[in-house]
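Below: the structure, in structure tokens.
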Amino acid sequence: MLYRTNKIRLFFFLFLFTSSFLYAQTNKTDEQGRKQGQWIKYKDGVKSYQGQFLDDYPIGVFYRYYPSGRIMSKSIFSQKGNKNRAEFYYDNRKHSLKAKGNYLEKKKDSIWLLYNETAVLVSQEQYDMGTAQGLWELFDYRGILVKETIYDLGKIHTAQKEFFENGQLQRLITFQHDTINGLFEVYFEDGQIRISGMFLNGLKDKRWTYYHADGSVYFIEEYSEGIILKRMDEKGNHFEMPVENDSIPLDIDPAEMKME
């Protein structure tokens, strides 16, 4: 019994000694107050982050943790901490990847990939020093592409495309620096054109043509900077909107109108 008690005491002593030794080797600063070597931080008794510093700059691999103890993020630092290759994880048992990409001077840069909890890619984004730049792609929960958007200096520019589940183009909207400007088209799921028109500085302009599913013209509208001038059939005769569409304002997206 005495032997067992002494053994427990020895184990406890070694534990305290080892813990003290390890703590002494971490969280150190130099004479100038700069962080050096390994640092481990705790919050409410749970590890918050762990990583290495050199002259106050993070270097190498850094981990941050959820209160559950699971890894929240993994970062690989270089260039005196200015460049960071980061991965973020969900707080679940599978340790599922949530997002990954680069930081440059603490700003998102180049390609970023975002995933749902079932590890399916749901978004691909491109940045230039924290500003949206280039092609962005949005996917549904199954990984099927639903939208493509091109950014220039943080603003939507050129054509934005939306897709049906079968991959067929559903809608095309032309932008110039965040403003709808240019060609606007809506399609049926089989690829047949449904609506075709133009925008000028966010307002409907010129001729808008609406089609039936069989490709024949349903009716035509003429606009001038958002103001409707006339509505007619394909022969130029005045067109009366059917009763089921009478209540639809002219300033909303007419893609929901019945055109079968």
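Data for the structure
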quantity	calculated
Of residues in the range 186-228 being within 18 Å of residue 175 (Cα to Cα) and of a type in the set (A, V, I, L, M, F, W, C), the one nearest to the chain's Cα centre (by Cα)	186
Within the range 114-168, strands (runs of 3 or more DSSP E) holding 3 or more residues that are among the polar types (S, T, N, Q)	121-128
Matching residues in the range 160-174 - criterion: being in contact with a Phe, Trp or Tyr (Cβ under 9 Å, 6 or more places away or on another chain) and either of a type outside the set (Val, Ile, Thr) or under 16 Å from residue 137 (Cβ atoms) (or both)	160, 164, 168, 169, 170, 171, 172, 173
Given (1) surrounded by 15 or more Cβ atoms within 10 Å (Cβ to Cβ); (2) more than 26 Å from residue 100 (Cβ to Cβ), number of the condition residue 54 does not satisfy	(2)
Some residue of the range 140-155 being of a type in the set (Val, Ile, Thr) and in contact with a Phe, Trp or Tyr (Cβ under 7 Å, 6 or more places away or on another chain)	yes
Subset of the range 53-81 (residues that are hydrophobic (A, V, I, L, M, F, W, C) and at pLDDT below 95)	none
Number of positions in the range 66-85 that are assigned to a strand (DSSP E or B) and more than 27 Å from residue 45 (Cβ to Cβ)	5
Identity of the residue in the range 81-114, over 23 Å from residue 133 (Cα atoms) and small (Gly, Ala, Ser), that ends up surrounded by the most Cβ atoms within 10 Å (Cβ to Cβ)	81
Leading residue by the ranking (farthest from residue 144 (Cα to Cα)) among those in the range 170-186 that are among the hydrophobic types (A, V, I, L, M, F, W, C) and crowded, with 16+ Cβ neighbours inside 10 Å	180
Of all residues making up the range 120-136, the number that are more than 16 Å from residue 109 (Cα to Cα) and among the acidic types (Asp, Glu)	0
Residue in the range 115-129 that is in contact (Cβ under 8 Å) with a residue 24 or more places away in the chain, surrounded by fewer than 17 Cβ atoms within 10 Å (Cβ to Cβ) and of a type in the set (S, T, N, Q) present	no
Residue, nearest to residue 77 (Cα to Cα), within the range 40-65, restricted to residues that are among the hydroxyl-bearing types (Ser, Thr, Tyr) and touching a residue at least 12 places away in the same chain (Cβ under 8 Å)	57
Checking residue 215 against (1) assigned to a strand (DSSP E or B); (2) without any contact (Cβ under 8 Å) to a residue 40 or more places away in the chain; (3) more than 29 Å from residue 122 (Cβ to Cβ), the condition it does not meet	(1)
Condition met for residue 139 (in contact with a Lys or Arg (Cβ under 6 Å, 6 or more places away or on another chain) and hydrophobic (A, V, I, L, M, F, W, C))	no
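The values are calculated or read from the model by the stated rules, or taken from the named source; none is laboratory data. Computed from a predicted model, the values in this text were never measured in an experiment. Backbone-built Cβ (ideal geometry, glycine too); neighbour counts: all protein chains shown.
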